[in-house]
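Only one structure is covered here, and it is reproduced in the block below.
FYI, it's all coordinate maths here, none of it is from the lab. Computed from a predicted model, the values in this text were never measured in an experiment. With ideal geometry, Cβ positions are generated from the backbone for all residues, glycine too; neighbour counts draw on all protein chains shown.
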Amino acid sequence: MPIKKTIQVHRHASLAVLGVLAAWTQPSQAQTDDTTPFYVGGSIGANHVSNVYRTASAPNSDTVVSAGLLGGIDQRLGRQHLKLDGSLQNNRYSTNSDLNYRSHSVRAALDWETVGDLSGLLSAKSDRSMADFNIGGGTAQIFRKNIETNEQYQAIARLGVGTRYTLEGGWTQRKRDFSVEEYDRYVYDQNTGSVAIYATPGGNVRLGISGRRTKGQNPRYPVGTGTQVNDYTRSDIDFTTRWNVGGHSTLNTRISRSRSNNSIDQLRDFSGTTGAIGWTWRPTAKLQFETQYARDSGQESVVRATELNRVYNSWQLSGGYQLTGKLSLNAQATRNRLTRDRDSGDPVIDALDDTKTHRLGIQWAFSRVLSLTCQYDHISREHSVSNYAYSASSYGCTGQAVFF
């Protein structure tokens, strides 16, 4: 049996959130089928960054060389399906050697099911990467190594899969930490419980309603000259739809009513309506387009974990084209826009934060084992505070060898 998809490269997180440097440290992944239940491999890449520290003036350029090891398992155990992907990378800067660091990414998931209509998912993931040097939001820009660590653990149970109605319950824990104290306001630990019911009135339409309850803590939120613990709660009611149009197009929508409360008086509570809409269109077997728009609070988008009273408007347009059996192109454009209120209590008032990114990449699968990916990125931010505005670009290539 031939391999369904020999190599899948997953190189980049959103540059609007993590920055160009963090994006280059994301691991490569491979997928297998039942004939190849595991893989091991390595990767090496070189990337040039035009503005390492994201400064408004006197940009600092550098070249980053990354070498990594990767491996994974994709194994069926009776009715259960186990997947594990992991990578470890060593990232070295040609000029700014004090920024050298090791990054990692680990993903594990167990899809389980019983004889009846009960099934679910157990998953865990952990990422370690370089954080954005100029995150904004009233936080001073830094010029030293700052490691960001993210963890997520999730358990989901479903009753009635494949039937007209599905009941779903879930629990998710998220943690985020930074190695420098200037980013203490973005450190958090939260738990979310949810219950949802989905109905399928037609073969191509699914409707859903769910309730979510979140309890979390910012252990070191800066207040005055010191820090305080901020305990917060959030309640959400979500209305979702999924509509498959003609087999080549899928439309997803979400409308949410959200309310949050903080224990620190300086942080305003949030109450409002958020939502998202996404459209995927595959006109041919080789061509695919995806459009997304979201209006989310900071925690819902996980852009700014503590900015519960801020609303972000995000747009994303992406596409991919399979030129040949070995050569593929991809492109993406995103925009994240935030406007702060004068009475928000934030030290930066009336601030406009408008970040745009553009990305173009090409992948060449030379063989079942070897592949090469090259990519160009550009990011620019407009901000009413001049120190937070900047422009940066990066380009480079990464080679990968995977053995099944």
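I need the peptides 237-247, 38-48 ranked by packing, meaning the mean over residues of other C-beta atoms within 10 angstrom, with the highest value on top.
Listed from highest to lowest mean packing, they are 38-48, 237-247.
At 0.36 nm per residue, minus the direct Cα-Cα distance, what do VAL385 and ALA199 gain on full extension? Give it in nm, one decimal, please.
Gain in length upon complete extension: 62.2 nm.
Can you figure out the FRET efficiency of ASN100 with ILE264, using R₀ = 35 Å and their beta-carbon distance, to the nearest 0.05?
Computed FRET efficiency for ASN100 and ILE264 comes out at 0.45.
Karplus couplings for segment 143-150 from phi (6.51 cos²θ - 1.76 cosθ + 1.60, θ = phi - 60°), rounded to Hz, Gly and Pro as x?
For segment 143-150, the Karplus curve yields 10, 9, 4, 9, 8, 9, 10, 10 Hz.
Once fully extended, how much extra length lies between VAL65 and ARG257, figured as 0.36 nm per residue of separation less the alpha-carbon to alpha-carbon distance?
Fully extending the segment from VAL65 to ARG257 adds 64.6 nm.
Gap in Å between the Cα centre of segment 142-187 and the Cα centre of segment 208-253?
11 Å
Subtracting the Cα-Cα distance from 0.36 nm times the residue separation, let me have the gained length for HIS248 to LYS215 in nm, one decimal.
On the way: separation 33, 0.36 × 33 = 11.88 nm, distance 3.96 nm.
Extending this stretch completely gives an extra 7.9 nm.
Along Cα→Cβ, 7 Å out, is where each label goes; now give me the distance between the ones at ALA46 and ARG282 in nm to one decimal.
Calculated label separation equals 3.8 nm.
If I take the Cα coordinates of segment 29-127 and project them onto the principal axes, what are the three extents in Å, biggest first?
64, 28, 17
In whole Hz, what ³J(HN,Hα) sequence does segment 73-83 give by Karplus (6.51, -1.76, 1.60; θ = phi - 60°), x for Gly and Pro?
10, 9, 9, 8, 10, x, 7, 9, 9, 9, 10
With only Lys, Arg, Asp and Glu charged, each at its Cβ (+1 for the first two, -1 for the last two), find how big the charge dipole of segment 15-403 is about the Cα centre; round to the nearest 20 debye.
Value, rounded to 20: 700 debye.
Starting from one equal scatterer on each C-alpha and no solvent at all, send me the Debye-based log10 I(q)/I(0) for segment 154-229 at q = 0.15, 0.19, 0.20 Å⁻¹, two decimals.
Once normalised to I(0) and log-transformed, intensities are -0.65, -0.80, -0.85.
Quick one: what are the phi-derived ³J(HN,Hα) couplings along segment 256-264, Karplus 6.51/-1.76/1.60 with θ = phi - 60°, whole Hz, x for glycine and proline?
Karplus values, whole Hz, x for Gly and Pro: 10, 10, 10, 9, 9, 9, 10, 7, 7.
Could you give me the percent of Cα pairs per 5 Å distance bin for segment 83-235, shortest bin first, beginning at zero and ending with the bin that holds the maximum distance?
Result, from short to long distances: 2, 8, 13, 14, 15, 14, 11, 9, 7, 5, 3, 1, 0 percent.
Can you give the log10 of the normalised intensity I(q)/I(0) at q = 0.07, 0.09, 0.11, 0.14 Å⁻¹, computed with Debye over equal Cα scatterers of segment 15-403?
-0.36, -0.61, -0.95, -1.59
Just the number, please: Stokes-Einstein D of segment 186-226 in µm²/s, Kirkwood Rh from C-alpha pairs, 25 °C, 0.890 mPa s. Mind dumping the intermediate values first?
Details: Rh = 13.6 Å.
Calculated translational D: 181 µm²/s.
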